[in-house]
Amino acid sequence: MDDRNRESKKNKNHCIEEDASAVASSTSASEEEGKNADAADKSENADAAANGKNADAAEEGEIADAAEEGEIADAAEECEKAETRAKDKNADTTANAAIADATEEGQKTDSDGNVGKIHTVIATVDPGSSKEELLSALYPFGQMIEKSGVVAFPTETVYGLGASALDPVGIEKIFIAKGRPSDNPLIVHITKTEEVFELVRSVPEKAMKLMKAFWPGPLTMIFKKQKIIPDIVTAGGDTVAIRMPDHPVAKALIEISGVPLVAPSANASGKPSPTMARHVLEDLEGKIHGIIDGGSSAVGIESTVIDMTGEPPMLLRPGGITQKMIEAVIGPIERDDQLDEIDRGKSSKKKLNFSGKVRSPGMKYTHYAPKAQVLILRGIREKVIGKIKELEKAYQKSGQTVGIITVDENLKEYEKGSCKNPYLRSLGSEKDVEKMAANLFAILRDFDQTDVKIILAEALEDREMGYAIMNRLSKAAGQNILYVEEEN
């Protein structure tokens, strides 16, 4: 019994030991697994930490790149701003230099009547630029005008010499620079039809029709003026001439100046009107504050002028808008008697330089004259050509250089023989009278660059635009006209 009990206890203890060993083994395995799990967790955590660091590093790299890109963008923007400021500063400096001259002191004359030297700023602009680009480019010139300066600019007719129409100080500088008589009125230029009502007392219905038909364009209309218009503009008269130019540079300059502009032709008084910036430079460099080069003027002669203060309206100066075109809109108009007398050479200089107030520029004085004497020959084509050839030989024999103005259709008649005249000039084809008008003043000015002493010019037919051309040519000749058919 005791042996069995001892054996039983022995087996029981053995089982307990086995169980304990199993538990210990299990515990050891669990601990090992736990350690392995911990190691794995630590490894994963380490990997996660490494990945996190890498992600952070990548993010920081991206942020750094973004920051760098931002800095580059900011730098580029600052660079652009700096360039803009530099351009603005240069523009301001240029404008200020001219504006500094746009003072009363800048145009004082000496005892001989010579105008004090002025810094003339010259800029080339593209008329085809956008309105915003033109306004930006012309800003310095608008500043000149605001400071009573004088600026030459292109219009579709000829180059004009601009100053504020409301500034007597600036306007006086125009008269000084041109050497223009103070009793010769000026034309006011605007950009909006409604501006007319601020400058004049009343606008007839016929004037409204003409505005609708021909503005903007080369048509000037005369009205009774408001008190806002200085007397210096109208030569003391009670009427004012107004037009709306059809040239992008002219319109932009008026707009950026913020006021209507007076703008007589930008030439020395009495000389041919300028159709290019270089013509202005020849006459007025050092006498005006700015010249805007916008290319050649398309029409080439000054605007048509019509007086709307009476009934019927009266044509005072022919131009690009012809009498026939006007009458198609408002019916019959009258023509000033002086026009035909001047164009036919039958108006005496005494009558041309009459005393009293005039309504329109170009009515009182001889204009458009080149340095050489001009003789116009009227009559039958063949006789006119023959007479010009005869006079050419006579003048050349006396030692004088002769220039000839003809048309394309007659060129061959002058080119016959072995001695072609190097100063033979054509206005263009009779089939394109508008082109002939555009060429007239340029040809007269080109003769001024030669040693030509006398210019023999064929008269044109007095029809439409030809009438306007003959008006200018007759004044250039001082009404020196020879009627060939009356010669024996």
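Looking only at segment 130-149, count every residue that is outside any helix (DSSP H, G or I) and in contact (Cβ under 8 Å) with a residue 60 or more places away in the chain and tell me the total. Let's see the steps before the verdict.
First, pick out the residues of segment 130-149 that are outside any helix (DSSP H, G or I): 130, 147-149.
Now restrict to residues that are in contact (Cβ under 8 Å) with a residue 60 or more places away in the chain: 149.
Going through segment 130-149 one residue at a time, the tally reaches 1.
Taking the criterion of being touching a strand residue (DSSP E or B) at 6+ places or on another chain (Cβ under 7 Å) and aromatic (Phe, Trp, Tyr), the residues of segment 410-466 that qualify are TYR414, TYR423, PHE447. Screening GLY142, GLY128 for residues that are out of contact with any Pro (no Cβ under 6 Å at 6 or more places or on another chain), crowded, with 17+ Cβ neighbours inside 10 Å and in the same structural domain as HIS247 (by TED's automatic domain parsing) leaves exactly one candidate, GLY142.
Mind telling me which of the residues VAL188, VAL169 ends up being modelled with pLDDT of 95 or more and more than 20 Å from PRO313 (Cβ to Cβ)? Can you show your working first?
On the way: VAL188 fails: more than 20 Å from PRO313 (Cβ to Cβ).
Of the residues listed, the single one that is modelled with pLDDT of 95 or more and more than 20 Å from PRO313 (Cβ to Cβ) is VAL169.
Quick check: anything in segment 164-181 in contact (Cβ under 8 Å) with a residue 24 or more places away in the chain, within 18 Å of ASN267 (Cβ to Cβ), small (Gly, Ala, Ser) and part of a loop (DSSP other than H, G, I, E, B)? Taking every residue of segment 164-181 in turn, at least one turns out to be in contact (Cβ under 8 Å) with a residue 24 or more places away in the chain, within 18 Å of ASN267 (Cβ to Cβ), small (Gly, Ala, Ser) and part of a loop (DSSP other than H, G, I, E, B).
Quick grid of which residues meet (1) buried (at least 23 other Cβ atoms within 10 Å of the Cβ); (2) in contact with a Ser or Thr (Cβ under 8 Å, 6 or more places away or on another chain); (3) of a type in the set (Asp, Glu):
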position: GLY428; (1), (2), (3): no, no, no
position: ALA442; (1), (2), (3): no, yes, no
position: GLU458; (1), (2), (3): no, yes, yes
position: LYS475; (1), (2), (3): no, yes, no
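Considering only segment 401-409, I want to know if a residue exists there that is surrounded by fewer than 16 Cβ atoms within 10 Å (Cβ to Cβ) and modelled with pLDDT of 95 or more. Checked segment 401-409: at least one residue is surrounded by fewer than 16 Cβ atoms within 10 Å (Cβ to Cβ) and modelled with pLDDT of 95 or more.
Of the residues VAL240, VAL249, VAL200, VAL233, only one is among the β-branched types (Val, Ile, Thr) and either over 24 Å from SER182 (Cα atoms) or at pLDDT below 95 (or both); which? Don't jump to the end; show me each part of the working.
Numbers: VAL240 fails: either over 24 Å from SER182 (Cα atoms) or at pLDDT below 95 (or both); VAL200 fails: either over 24 Å from SER182 (Cα atoms) or at pLDDT below 95 (or both); VAL233 fails: either over 24 Å from SER182 (Cα atoms) or at pLDDT below 95 (or both).
None of the other options fit; the residue is VAL249.
So that you can scan it fast, the table gives a plain yes or no per residue for (1) surrounded by 24 or more Cβ atoms within 10 Å (Cβ to Cβ); (2) at positive phi; (3) without any contact (Cβ under 8 Å) to a residue 12 or more places away in the chain:
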| residue | (1), (2), (3) |
| --- | --- |
| SER265 | yes, no, no |
| GLY270 | no, yes, no |
| SER273 | yes, no, no |
| ALA277 | no, no, no |
| ILE291 | yes, no, no |
| ALA298 | no, no, no |
| THR304 | yes, no, no |
| ASP307 | no, no, no |
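Among the residues of segment 204-229, just one is surrounded by 17 or more Cβ atoms within 10 Å (Cβ to Cβ), more than 27 Å from the chain's Cα centre (by Cα) and without any contact (Cβ under 8 Å) to a residue 40 or more places away in the chain, namely LYS225. Say whether the condition of being aliphatic (A, V, I, L, M), within 22 Å of ARG180 (Cα to Cα), surrounded by fewer than 18 Cβ atoms within 10 Å (Cβ to Cβ) and modelled with pLDDT under 95 is met by at least one residue in segment 322-345. No, segment 322-345 has no match at all.
Is it true that some residue in segment 235-242 is over 19 Å from MET144 (Cβ atoms) and among the hydroxyl-bearing types (Ser, Thr, Tyr)? Steps first, please.
Step one: list which residues in segment 235-242 are over 19 Å from MET144 (Cβ atoms), which gives 235-242.
From what is left, the residues that are among the hydroxyl-bearing types (Ser, Thr, Tyr) are 239.
Yes; the residues of segment 235-242 include at least one that is over 19 Å from MET144 (Cβ atoms) and among the hydroxyl-bearing types (Ser, Thr, Tyr).
The values are calculated or read from the model by the stated rules, or taken from the named source; none is laboratory data. In this text the structure is predicted, and so the values were computed from the model without any measurement. Note that each Cβ is placed from the backbone with ideal geometry, even for glycine, and that neighbours are counted across all protein chains shown.
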